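Scroll down for the structure; my scribbles are underneath it.
The values are calculated or read from the model by the stated rules, or taken from the named source; none is laboratory data. From a predicted model like this one, the values you see are computed outputs, not experimental measurements. In this analysis, Cβ positions are derived from the backbone assuming ideal geometry, glycine residues included, and neighbour counts consider all displayed protein chains.
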Amino acid sequence: MVGHAMVHTYELSVPILVSVWLLEFSTTAATLGLVVTAGYALFGIGALPGGMLADTYGSQRVIAACLLGMSGSFLVLSIAPSIPFITLALLLWGVAASVYHPSGLALISKGVSERGSAFAYHGIAGNAGIALGPLATTLLLIPFAWRTVVGLLAAPAALGGLYALRTEVDESAAVAADGDGRSSAVSSLGEFLDGARGLFSGAFVGVFLVVIMSGLYYRGVLTFLPEVLGEFDAFDPVTVGREELEPARYAYVALLMVGMAGQYTGGKLTDRIRPELGIGGAFGALALLAVAFVPAADAGLVPFLVVGGLLGFTLFVVQPLYQATVAEYTPAGTRGLSYGFTYLGTFGIGAFGGTIAGAVLTYGTSMTLFLVLAGVAATASVTGFALARR
C-alpha cells in the first residue's frame, strides 16, 4: 500500500507540473505530451522486466528499489533547467516506477487469500497517492517555486524505501499450502518466450486488449485535464488575498479523490461477480461519460460535479476488475510476468494516450478528444462482454 501510494503520488503530480512548465518554457502542449509520454511509456515498458525480477528475486526487494529510485529521479527533476533535462528526469522516474505494479500485484495475488478485498485496499492506497499527490503539489506551489516543490516530494519515497527494506512478509502465503506457488521464474530467453507463448495462446489476448484500452483512456483523460478544465468559465482563476488560485487544479484533485471509492467498489465487486462482466459494464459507462463530459463542464459547476464525479469513480472501478481477471487467467508461478505484460499494456502502450491527447488539443478541441476516448472505452466494453460470453 505504501509503494502503490507513492508511485501514483509522483505519476499524477506531473500533470500539475505540466501546467507550470507550459508557462515557464517556450513549448507547446504537443511537445510536452511527447515528453510526458516518454516517461510514462517507460513506466509501462519496464513492467515486463520488473515482473520477471519479482518472480526471480521476490517482490519486497523490487518494491524497495522502486521507491528509492523514484526519490532519486525527483531530486534530479528538482534541478532541471530545461525541457530536455525534464525529459531525462521523467525517463529515470519511469524506469524506477515501472517495476512496482507487477511486483506489488504478484505479492497480493500469491500472498493474500481474500484477493478481492486486498485489491480494494491496495487500490484505495493508490488513489490516496493519486489524489493527495496532486493536492500537495498544488498547495506547495502557492508558497514555493516548482523546483523546491519537486525536491520536497522526493522525501516520502526515500522513507518508504527504507520501510520496505525492514518489513517482513510471506510472499506466497496464499498458495504455499497446495504447492501452486512453486517458482517458474524466467531465467533465459527460451523460458521467457515459452511463458509469453503460454499467456497469449488463450483468452489473455482479450485481457491484454482491455488493459491497453484502459491505459489509453486513463492517460488520455488525466494528462491535460487541468488545462482542459481551465477553458471553461466555471473554472476561471480566483484571487484570494494576494494569491491567484486555479479552481481547475482543485477540481482535478477532487475527481481523483472520488476514485478511492471506485477502487474499493471495484475490488469488492471482484469477489461477487465475474470480473469480465464488470469490465464490460464499467467501460460502457466510461464511454457514455466521455461523451457527456465537455457539455457538462460547459453547462456549469453543478453538472460538471455530477458527470466528473461519476467519471472519477468509474475510471478507478475498472482497475481492480482487470487486476483480478489477470489473476484468474494466469498461473501463480509466473504471476509477476503476467502482471508485467499487463502493465506493459496499461502504462507502456497506454502512455500514448498522453500523446494522442496533446495532439488533439493542439490541433482540435476538447470535445474531439473526449469523443476519441469514448471510442476507446467502447472497445474495452465490447471485449469484456466477449470474454464473459467465452
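See the values below:
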read-out	value
Test: residue in region 20-32 that is buried (at least 20 other Cβ atoms within 10 Å of the Cβ) and aromatic (Phe, Trp, Tyr)	no
Subset of region 264-280 [in a helix (DSSP H, G or I) and crowded, with 19+ Cβ neighbours inside 10 Å]	Tyr264, Thr265, Gly266, Gly267, Leu269, Pro275, Glu276, Gly278, Ile279, Gly280
Out of Ile16, Ile79, sole residue that is touching a helix residue (DSSP H, G or I) at 6+ places or on another chain (Cβ under 8 Å), more than 30 Å from Leu337 (Cβ to Cβ), in a loop (DSSP other than H, G, I, E, B) and β-branched (Val, Ile, Thr)	Ile79
Wholly enclosed helices (runs of 4 or more DSSP H) of region 119-233 bearing at least 1 residues modelled with pLDDT of 90 or more	146-166, 204-222
Long-range neighbours under 7 Å by Cβ, at least six apart or interchain, first residue touching a residue at least 60 places away in the same chain (Cβ under 8 Å) within region 47-60, second aliphatic (A, V, I, L, M) and outside any helix (DSSP H, G or I)	Gly50/Val99; Met52/Val186; Leu53/Val99; Asp55/Ala185; Asp55/Val186; Thr56/Ala185; Gln60/Val169
Residues of region 330-377 classified as of a type in the set (Val, Ile, Thr), within 24 Å of Val228 (Cα to Cα) and touching an Asp or Glu at 6+ places or on another chain (Cβ under 8 Å), total	0
Single condition Gly51 does not satisfy, out of (1) at pLDDT 85 or above; (2) farther than 21 Å from Ala128 by Cβ; (3) under 19 Å from the mean Cα position of the chain (by Cα)	(1)
Matching option when the condition is among the hydrophobic types (A, V, I, L, M, F, W, C), more than 30 Å from Gly340 (Cα to Cα) and surrounded by fewer than 22 Cβ atoms within 10 Å (Cβ to Cβ), among Ala234, Ala196, Ala203	Ala234
